[in-house]
Amino acid sequence: RGCVIDKYDSLQNFIDNNFGNVIVIPSGSYYVSNTLKVPSGVTIIGNGASIFNTVSDTLIEISGSNITIDGLELTGVGNDTISFNNIGIYHSPYSIDSNVIIKNCRIHDLGYKGVFVVSLKNSIIEN
């Protein structure tokens with residue numbers, strides 16, 4: 001991966017400022033130093049994008065309804081031991097949300113769970 005530049009702030013700001021829009025992340029590798037938070041009404045298309053971190057942490061946390069995550073590659077640090085923080089896409093268990101779609105994502109090298117969801121209805125996780 002060579003020189004690693006933290007893209008967390010730019011990606012999180014882009015997500016926060018494009019509520020209700022389709023966000024296309026261009027092809028490339030994106031290092032994030034913190035968990036990306038995706039609120040209701042956001043669609044993220046991964047168009048060949050790979051998001052990774054170098055610490056044991058969740059990559060994306062979704063909280064809300066009408067969220068789509070499509071075509072992202074999410075890469076953890078390759079942990080061989082279980083850590084409850086190593087999750088690719090995490091849904092907060094403190095709300096009952098609906099219409100969440102997670103599809104065409106490659107989630108790997110996390111050491112715990114690729115997708116961890118609680119209390120979702122009318123939602124799809126595929127491929």
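The values are calculated or read from the model by the stated rules, or taken from the named source; none is laboratory data. These figures come from a predicted structure and were not determined experimentally. Please note: Cβ atoms are built from the backbone with ideal geometry, for glycine as well, and neighbour counts cover all protein chains shown. What goes into the accessible areas is simple: the full protein's heavy atoms, side chains included, and nothing from ligands, DNA or RNA. Shrake-Rupley method; radii C 1.70, N 1.55, O 1.52, S 1.80 Å.
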Can you confirm whether the range 55-70 contains a residue that is closer than 19 Å to Gly28 by Cα, assigned to a strand (DSSP E or B) and among the polar types (S, T, N, Q)? no
What residue, of Asn79, Asn85, Asn13, Asn47, is assigned to a helix (DSSP H, G or I) and either at pLDDT below 90 or open to solvent by 50 Å² or more (accessible area, probe 1.4 Å) (or both)? Asn13
Residue that is most open to solvent (accessible area, probe 1.4 Å) [pool: residues in the range 93-127 that are in a loop (DSSP other than H, G, I, E, B) and of a type in the set (Val, Ile, Thr)]: Ile96
What pairs come up if the first residue lies in the range 107-127 and is modelled with pLDDT of 90 or more, the second is assigned to a loop (DSSP other than H, G, I, E, B) and surrounded by fewer than 12 Cβ atoms within 10 Å (Cβ to Cβ), and their beta carbons are under 7 Å apart, counting only those six or more places apart or on different chains? none
Give all pairs with beta carbons closer than 7 Å in which a residue from the range 42-65 that is within 20 Å of Pro93 (Cα to Cα) meets a residue that is open to solvent by 30 Å² or more (accessible area, probe 1.4 Å) and among the basic types (Lys, Arg); count only pairs at least 6 apart in sequence or on separate chains. Glu61/Lys37; Ser63/Lys37
Does Tyr90 count as part of a strand (DSSP E or B), open to solvent by 30 Å² or more (accessible area, probe 1.4 Å) and not hydrophobic (A, V, I, L, M, F, W, C)? yes
